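Right, one structure below, let's go through it.
The values are calculated or read from the model by the stated rules, or taken from the named source; none is laboratory data. Here the structure is a predicted model, which is why all the values come from computation and not from measurement. A quick note on method: Cβ atoms are made from the backbone with ideal geometry, for glycine too, and the neighbour counts reach across all protein chains shown.
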Amino acid sequence: MQEFDVLVIGGGASGLRAAVAAKRAGASVGLVSKVHPLRTNSAIAQGGLNAPLARDDSPDSLAADMFIAGDELCDRGVVKAFTQEAAKDVLWLERMGVPFNRDKDGRLDLRAFGSNRRNRTCYADDRTGHIVLQVLHEQFQREQIPSFAEWFVTSLVVEGRTCAGAIALDLRSGKLESFSARSTILASGGFTRSYLPSTASLGTTGDGQSLAYEAGARLMDMEVIQFHPTVFPKKQGLLITEAALNAGALIVDQNGNSITDLTGMPRHKICLAIQHAMQNGGGSVSLDLRPIGKEKMRGYFPQTQELLRTVAGLDATKDLVPIRPLAHRPIGGIETNGAGETSVAGLFAAGECACNGLNGAGRLAGNALTEAVVFGRRTGEAAAKHAAAGSKAAFPTAKLADEEKQLARIFSPETSADSLGKIHSELGHLMNEKVGVIRSAAGLQEALAQIQTLKERYSKLRVKNPSRIYNYELTSYLELGSMLTLAEVVALAAQARTESRGAHHRSDFPERDDTNWKSHTLLSRAEGQPRMQKKAVAAG
Amino acid sequence: MQVTFKVYRKDPEKDGKPTRSNYTLELAEDATVHDALLKIRDEIDSTLAFRASCARGYCGECMVRVNGSARLACTAKVPDYLKKGPEISLDPLRNVPVIKDLVFDWDAFMWNKIKQVRPWLEADGSAVNGEQPVSDAAMQDLRKVMSCFYCGMCDEGCTVLPVDFDFLGPAALTKAYRLAFDPRNKDSREQVKIVEKPKGIWDCVHCYEADEHCPRGIEPTKRIVALRDQAFKSGITHEAVARHHASLAASVKESGWVDEGRLAIESEGVTNIKGLMKLLPTAAKALARGKAPIPFMHSKRPEADRIKKIFEKAEQEEK
């Protein structure tokens, strides 16, 4: 059995930041990640991190832009903490070695990005996530924190409403191991692989949200999923940073006419405009990167240019890039407060798997990475404090044997005409079709019925590969289980919210309804069934 | 299109001997090797082990050899590999311990080596209150180096690693460069001291294969050369190779050509009795054949002073 004060699950930006913060606060820390930290989904973030550093900027200005993007669903206390601490946390990253782009005086170059009304986005070319992740991993290594990379968490251990740690499978040896911890932090990322195509990496399957839900934690605002407007939609989906729009790129319809000026609009509005243009014209929408010019393209968007060439076979300086809004990042997640505490004692969550009301119904472009470092740090510190203060819940050692039995039940040599890939593919298309940018009661009803069918098909499937060493059929099986669980939660929450707000758009309820819906949705499991509650938006 | 994949297999739970499985499948015209692997695992053989993460060229996790060449499975388009017929071979990277099928040991291959170079920046201790201005030129160079996505192609192409697997290799040395050349690092000599030890920068043979292989144009060899220069500049030159460099330069500067006797002695180190003793048999043999260069009794070549001027000019420019 492994024992730590703080166990971090997830090796992306928020997990690494939380681990470093907890260690520096004096806790013993271990980090479990199903892929190596440098292969996590944080690496694909491009645009940058917001920090109110400009002379004409302030925490209040940042907050004002967030309230617009969040469409009045933001919890003000959390926003206040975030906007006041963002600059310090971004400067910490700079101090630790992120080679941000600089202006001619050597100061951080702040660029216009998305619907920010000030220049406040710090960036490292168009690979900010990749580079920030490397620097966080450097500091993680500096702290000599034990890293369990390529370990897959199969369950959280919760005894009497208190989390005592987790059980994880070592992919390399095939062995299950107990991780006893005073505080457990979920930093396991989003779940937009339940949409196909989407902008997510293969592992972005909502394992953490699903584990927390199973363990009795509440999920908040799960219906709110941010779609990214400018994504090349073939194959896995290739995101082109919105910074391209700020640099002069245009969104054009099939006749090459620019769709009214969308630059500076919140993401959900751009997505809706594109979706409408596609439906009305019945045709395609493209991104015209040519106005950026060759030199600026090479200088500021080298990765975009490279990936368009290698993945899409397109020349950004010559060709139009077909685009479509695709599921990008969930805004909903495990309900937490500003310190990352969930509704289960000893269980914390940070980053994309968590939802603390910061983003309301729409995340401001450039906030995701800042959120990962601000709340990663805050959660790491709070988890260390909790570990130091509380008495330790005994880890029920029998759980490991139970888990072994549980796992054994999944295996069977029987072949089947059905497969994990087929179910996943159907789920992904269903979610894009019926639980996508535009939703309706009828569509959601149909989605729920089909998700039920997919769940039944899933329950009949077994893992044929009997080995436990690098058994990716097994991990895919567990991941698909999480995605199906969350798909149902998302559709239920979307069905409940009978209004349009931020990224949640209902064709049958096209207006915002502040009388009934200035509140969050909360979903938890009671007696095996999903239970919906509402929580008023916190004003203070 | 119908394609047959001949895939390297190894099962650590059986005898661990490599075999090959053939899978024939129908694929769309725009399929990538990654698409094919997923399809094989989902529909034909769920025991096939391979890694992947971002699936669109960002992360470097799915490295595999396609018809012998190292590629990212997720960006390798199947039709590009069918010119000689409808068969494609898939193998793990060369010279790397394989764990299972296409899953090889990234830890031994790269991650553990990166760990050896103290891969983090030591910030100076003062509190974070405000920006530290630095030039964008310095940052731009670091951004280029940090565009590295750890695909391992430089190490895969390296000509030293097949002979000496303990060589740090271009990926780890490039990481050391990122830290040694960051003006914000409190003690950038740390990394130079580490990579200057055996299995580090002096073991590189400048074959430039790493530069040829790097898909991002980071030029790892250039970074290794820069680290060597940095070692000289900061006076970390106690290794034999560094002494060799210094002696060679000094004798060419003074005489216009290499004083081989002096080079041998100074490379070993004039106080290194044990090392010098090792030279004796070679010296004796050379003496017997009348070919022994007498150290420090070395005549200048014609127009040696012109060569000296070139040195002086270069030294002046360095300053």
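Details
- Looking only at segment B:166-184, residues that are assigned to a helix (DSSP H, G or I) and more than 10 Å from chain A (Cβ to nearest Cβ) come to 9 in all.
- Residue in segment A:281-300 that is within 24 Å of the chain's Cα centre (by Cα), crowded, with 18+ Cβ neighbours inside 10 Å and in a helix (DSSP H, G or I) present: no
- Strands (runs of 3 or more DSSP E) within segment B:1-117 that include 1 or more residues away from every other protein chain (no Cβ under 12 Å): B:2-9, B:19-26, B:63-66, B:69-72, B:87-91
- Residues of segment A:470-491 satisfying the condition of being facing chain B (nearest Cβ under 10 Å) and in contact with a strand residue (DSSP E or B) (Cβ under 6 Å, 6 or more places away or on another chain): A:Tyr470, A:Glu473, A:Leu474, A:Tyr477
- Enumeration of residues in segment A:301-319 that are buried (at least 18 other Cβ atoms within 10 Å of the Cβ) and either in a loop (DSSP other than H, G, I, E, B) or among the aliphatic types (A, V, I, L, M) (or both): A:Phe301, A:Leu307, A:Leu308, A:Val311, A:Ala312, A:Leu314, A:Ala316
- When residues of segment A:120-144 are limited to those that are within 8 Å of another protein chain (Cβ to nearest Cβ) and over 22 Å from B:Cys54 (Cα atoms), the one surrounded by the fewest Cβ atoms within 10 Å (Cβ to Cβ): A:Arg142
- Counting only residues that are in contact (Cβ under 8 Å) with a residue 24 or more places away in the chain and over 14 Å from the mean Cα position of the chain (by Cα), segment A:365-405 holds 24 of them.
- Of all residue pairs spaced 6 or more apart or on separate chains, those with beta-carbon atoms under 8 Å, a first member in segment A:232-256 that is over 28 Å from A:Gly428 (Cα atoms) and a second member that is of a type in the set (Gly, Ala, Ser) and at pLDDT below 85 are A:Asn246/A:Gly264.
- Matching entry among A:Thr241, A:Thr192, A:Thr199 (being within 14 Å of another protein chain (Cβ to nearest Cβ), in contact with an Asp or Glu (Cβ under 6 Å, 6 or more places away or on another chain) and not aromatic (Phe, Trp, Tyr)): A:Thr241
Per-residue answers, yes or no, for (1) in contact (Cβ under 8 Å) with a residue 60 or more places away in the chain; (2) of a type in the set (Asp, Glu):
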{"position": "A:Leu272", "(1), (2)": "yes, no"}
{"position": "A:Asn280", "(1), (2)": "no, no"}
{"position": "A:Ser286", "(1), (2)": "no, no"}
{"position": "A:Val311", "(1), (2)": "yes, no"}
{"position": "A:Asp315", "(1), (2)": "no, yes"}
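Condition check ((1) within 23 Å of the chain's Cα centre (by Cα); (2) free of Cβ contacts under 8 Å to residues at least 12 places away in the same chain) across all residues:
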residue: A:Gly428; (1), (2): yes, no
residue: A:Ala449; (1), (2): no, yes
residue: A:Thr453; (1), (2): no, yes
residue: A:Tyr458; (1), (2): no, no
residue: A:Glu473; (1), (2): no, no
residue: A:Ala487; (1), (2): yes, no
residue: A:Ala503; (1), (2): yes, no
residue: A:Leu522; (1), (2): yes, no
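- Check on A:Thr241, assigned to a loop (DSSP other than H, G, I, E, B) and surrounded by fewer than 20 Cβ atoms within 10 Å (Cβ to Cβ): no
- Residues within segment A:295-304 that are farther than 13 Å from A:Phe232 by Cβ and more than 10 Å from chain B (Cβ to nearest Cβ), tallied: 6
- The set of residues in segment B:185-221 that are assigned to a loop (DSSP other than H, G, I, E, B), at pLDDT below 95 and under 27 Å from A:Arg102 (Cα atoms) comprises B:Asn185, B:Lys186, B:Asp187, B:Ser188, B:Pro215, B:Arg216.
- Check on A:Ala382, closer than 16 Å to A:Thr184 by Cβ, out of contact with any Gly (no Cβ under 7 Å at 6 or more places or on another chain) and part of a helix (DSSP H, G or I): no
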